[in-house]
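Structure, as structure tokens:
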Amino acid sequence: MPNVKVRISGRDSAYKIKIGSDTLSSAGPWVADCLKRDGCKVAIVSNPTVFQLHGEAVERSLIEAGFAVSRFLMKDGEAHKSLRTAEAALSFFSEAGLTRTDAVVALGGGVVGDLAGFAAAMYLRGIAFLQIPTTLLSMIDSSVGGKTGVNTVFGKNLVGAFHQPSGVLIDVDTLATLPQRELIAGFCEVVKHGAIGGKPLLKQTQKFLSTFPIEAFGDNQTDRGFRSEISKLIAANVEFKAKIVVGDERESSKRMDGRSRKILNFGHTLAHALEKVTSYQYFKHGEAVGYGILFAAELSKSLALCDEKDVKLLNDVAQSVGPLPALAKIDGDEVFEAFKFDKKHLSGSLQMILLKGIGKPVILTDNDIPRTTVQKVLKQLLKKWA
Ligand code: NAD
Ligand code: GLY
């Protein structure tokens, strides 16, 4: 089964990302290997939905490996990725007696991973944490790269820290219990990686989706071919993300080149605006990114940056993922206005990631893009997907 190593410069050791089937049952030895110690205290951070499905296997293996295990279950949902929950986690770590040589294990999707990583970054000025992601999105994106954080009333992910995990353990069997909408949301981020990563990755995604359509995901889980192909697809995504992250760990604000960490935000300008105008209630984040990809591709074509053939390939793969929520009730003017929200966090100019071709991202500012073109492409998109 594939393994990927992430070596962040300035650190003595790389962290390992292990990907495979039935890996949860060896979580204990794996944590010991990543931490280079056993017998210490480990706090599992999860939520009741995930813990009920997959927690016992992880907890049992950790106990068998000699760890003293405690469990903090946060409430399920984006609304609980908050300072209040982080504070509750910190109190829990203190009550459980965690010291600087102990560790936090995040078991769940991106919400749990971001919250647990942030709490681990703050506790005693930073203790080790390990990621066991259980959604597709968290496997290929949020568990890798060290961005941790919480939302505030002013917006998403506004408070956080860079804190790299000591290891990431991916068990593809956990995807069997994931609701279909969450799978679609995750695959939209897989398509995002293909768009900016290059044709081999995009075509691997296309081939996977035509062989194993999302509707049959649950039925395919017992198929060894499926487990091997999904593991390889996840590994390819993780490798791509890791390559970008090691070159720009902290997403330098000055960088505007096509290997900057900013390119991972491809599709996110529209996604953030769509999420904002629907008060974060209507779309899963990945679904909004799905529309963001279609929008950025069309805009790239309208600006004569990207040729028709590449845009068509990207559209075909994005649409093969599955249905996205209709855009009928979305107001174009409100969306355009909401673009300003991203702008505020980038010292005044909106930066958009567009494509010169598949695997050739470019970062442009709104000064480089005529406002009327953006409005026209947006209007067409809203009409097409109403
Ligand atoms: P999520 O964590 O909310 O999980 C989605 C739902 O699936 C939840 O209800 C969860 O309980 C449930 N679930 C998780 N695993 C399951 C399983 N195996 N079976 C059944 N149900 C399961 O959502 P997500 O899409 O994983 O993560 C979104 C979060 O990730 C957002 O907060 C976003 O900001 C963050 N994010 C962070 C980064 C980063 O680099 N740190 C990158 C992308 C996204
Ligand atoms: N998901 C974007 C990043 O990790 O930078």
Original post:
Using a 1.4 angstrom probe with every protein chain in place, what is the largest-first accessible-area order of THR174, THR49?
Top reply: THR49, THR174
Original post:
Can you give the alpha-carbon Rg of segment 250-306 over 2.2 N^0.38 Å, where N counts its residues?
Top reply: 1.25
Original post:
Among all the aspartates and glutamates, which ones have a C-alpha under 15 Å from LYS376's C-alpha, if same-chain residues fewer than 8 places away are not counted?
Top reply: GLU298, ASP331, ASP333, GLU334, GLU337, ASP366
Original post:
How would PHE162, PHE129 rank on accessible area, largest to smallest, probe 1.4 Å?
Top reply: PHE162, PHE129
Original post:
For segment 20-148, what value does the Rg/Rh ratio take when both radii are computed over Cα atoms and Rh is the Kirkwood radius, given to two decimals?
Top reply: 0.92
Original post:
Top to bottom by accessible area (1.4 Å), largest first, where do SER138, SER252 land?
Top reply: SER252, SER138
**OP:** Have a look at the DSSP beta bridges in the chain and tell me what percent are antiparallel, nearest 5.
**Re:** 35 percent
**OP:** Give the carbon-plus-sulfur fraction of the accessible surface of segment 141-237 in %, rounded to a whole number; probe 1.4 Å, heavy atoms of protein chains only.
**Re:** 53 percent
Original post:
From the cross-link list LYS18/LYS384; LYS81/LYS199; LYS203/LYS340; LYS232/LYS284; LYS329/LYS360, which pairs have alpha carbons spaced over 31 Å apart?
Top reply: LYS18/LYS384; LYS81/LYS199; LYS203/LYS340; LYS329/LYS360
Original post:
What is the Cα coordinate range of segment 299-386 on the first, second and third principal axes, sorted by size from largest, in whole angstrom?
Top reply: 36, 33, 21
Subject >> Rg and Dmax of segment 123-253, Cα atoms only, in Å >> reply: 15.8, 48
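Which loop trypsin sites (Lys or Arg not before Pro) in segment 83-169, with loop taken from DSSP, have no more than 16 other Cβ atoms within 10 angstrom of their Cβ?
Working: sites: ARG84, ARG100, ARG125, LYS147, LYS156; in loops: ARG100.
Passing both the DSSP loop test and the Cβ count: ARG100.
Determine the relative contact order of the chain: mean sequence separation of Cα pairs under 8 Å and six or more apart, normalised by residue count, in whole percent.
14 percent
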Original post:
How long is the chain along each principal axis, judged by its Cα atoms, biggest number first, in Å?
Top reply: 62, 45, 40
Original post:
What percentage of all Cα-Cα pairs in segment 1-75 are separated by more than 17 Å?
Top reply: 52 percent
Subject >> Long-range tail of P(r) for segment 73-200 (Cα pairs > 16 Å, %) >> reply: 62 percent
Original post:
Between GLY108 and residues 5 or more places away or on another chain, which pairs have amide H atoms under 5 Å apart, with H built 1.01 Å from N, and which residues are they?
Top reply: ILE132, THR134
Original post:
For segment 226-339, what is one quarter of the convex hull surface built on the Cα atoms, given in nm²?
Top reply: 9.1 nm²
Original post:
Mind listing which trypsin sites (Lys or Arg not before Pro) in segment 195-273 are in a DSSP loop and have 13 or fewer other Cβ atoms within 10 Å?
Top reply: ARG250, LYS254, ARG259
**OP:** Normalising by the residue count of segment 303-380, find the relative contact order in percent from Cα pairs under 8 Å and 6+ residues apart.
**Re:** 32 percent
**OP:** For every other residue with a beta carbon closer than 10 angstrom to the beta carbon of PHE93, add +1 if it is Lys or Arg and -1 if Asp or Glu, then tell me the sum.
**Re:** -1
Original post:
For the chain, what is the accessible area per residue in Å², given a 1.4 Å probe and the full set of protein chains?
Top reply: 43 Å²
Subject >> Charge context of VAL377, other residues only, Cβ under 10 angstrom, K/R +1, D/E -1 >> reply: +2
**OP:** Please identify which residues in segment 62-103 have an amide N closer than 15 Å to a label point set 7 Å out from the Cα of LEU124, following the Cα→Cβ vector.
**Re:** 68-70, 90-103
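The values are calculated or read from the model by the stated rules, or taken from the named source; none is laboratory data. Predicted model, so just to flag it, every value in this text is computed and none were measured. For neighbour counting, all protein chains shown are included, and Cβ atoms are generated from backbone atoms with ideal geometry for every residue, glycine included. Ligands, DNA and RNA are stripped out before the accessible areas are found, and what is left, the full protein with its side chains, is counted by its heavy atoms. Shrake-Rupley method; radii C 1.70, N 1.55, O 1.52, S 1.80 Å.
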